[in-house]
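J.: Below you will find the structure I want to go over with you.
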Amino acid sequence: VQLQAYGGGLVQAGGSLRLSCAAPAMILRFNAVGWYRQAPGKERELVATITNGGKINYGNSVKGRFAISRDNGKNTVYLEMNFLKPEDTAVYYCNTQYSATYDPTSWGQGTQVTVSS
């Protein structure tokens, strides 16, 4: 199942943006879900993950600026991005942590985030 990320856009450096990831209820109930990003010419990297129990992990480059959360009632995982930098420019994807690790065909289209300086 490909999870759908949306909410990207163009924002100035220092600004904020919130991304959303819609997922089937059963996926959220039993899986850790993460946000990942890929900038042009770079490898895809972990941004943040949240388990079904609420345990959170962040990539070093976003700690203190980004916040991941989940609303099981709305079947949605969010990524609140603050103090954005031009180097945060990338396509952002959401995926289950398991599929991100083991299934290269599981990636959806992602959503573009562009931070202007």
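Read-outs throughout are calculated quantities, based only on the coordinates presented, and are distinct from any laboratory measurement. Just so you know, these numbers come straight off a predicted model, no measurement behind them. Cβ: placed from backbone, ideal geometry, glycine included. Neighbour counts: every protein chain shown.
Every residue, every condition in (1) closer than 14 Å to LEU10 by Cα; (2) small (Gly, Ala, Ser), yes or no:
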{"position": "ASN52", "(1), (2)": "no, no"}
{"position": "ASN60", "(1), (2)": "no, no"}
{"position": "ALA67", "(1), (2)": "no, yes"}
{"position": "GLU80", "(1), (2)": "no, no"}
{"position": "PHE83", "(1), (2)": "yes, no"}
{"position": "TYR93", "(1), (2)": "no, no"}
{"position": "GLN97", "(1), (2)": "no, no"}
{"position": "GLN112", "(1), (2)": "yes, no"}
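J.: Which residue pairs have Cβ atoms under 6 Å apart, sit 6 or more places apart or on different chains, and have a first residue in segment 50-64 that is under 27 Å from ARG29 (Cβ atoms) and a second that is crowded, with 16+ Cβ neighbours inside 10 Å and of a type in the set (Lys, Arg)?
T.: As it stands, the answer is ILE50/ARG70, since those pairs meet every condition given.
J.: Moving on to the next point. Within segment 28-46, identify whether any single residue is among the hydrophobic types (A, V, I, L, M, F, W, C) and surrounded by fewer than 15 Cβ atoms within 10 Å (Cβ to Cβ), and answer yes or no.
T.: Yes: one or more hits.
J.: With the structure loaded, tell me whether GLN112 is touching a residue at least 60 places away in the same chain (Cβ under 8 Å) and out of contact with any Phe, Trp or Tyr (no Cβ under 9 Å at 6 or more places or on another chain) or whether it fails that test.
T.: no
J.: Could I ask something else about it? Of all the residues that make up segment 53-84, how many are basic (Lys, Arg) and exposed (fewer than 15 other Cβ atoms within 10 Å of the Cβ)?
T.: So the count comes out to 3.
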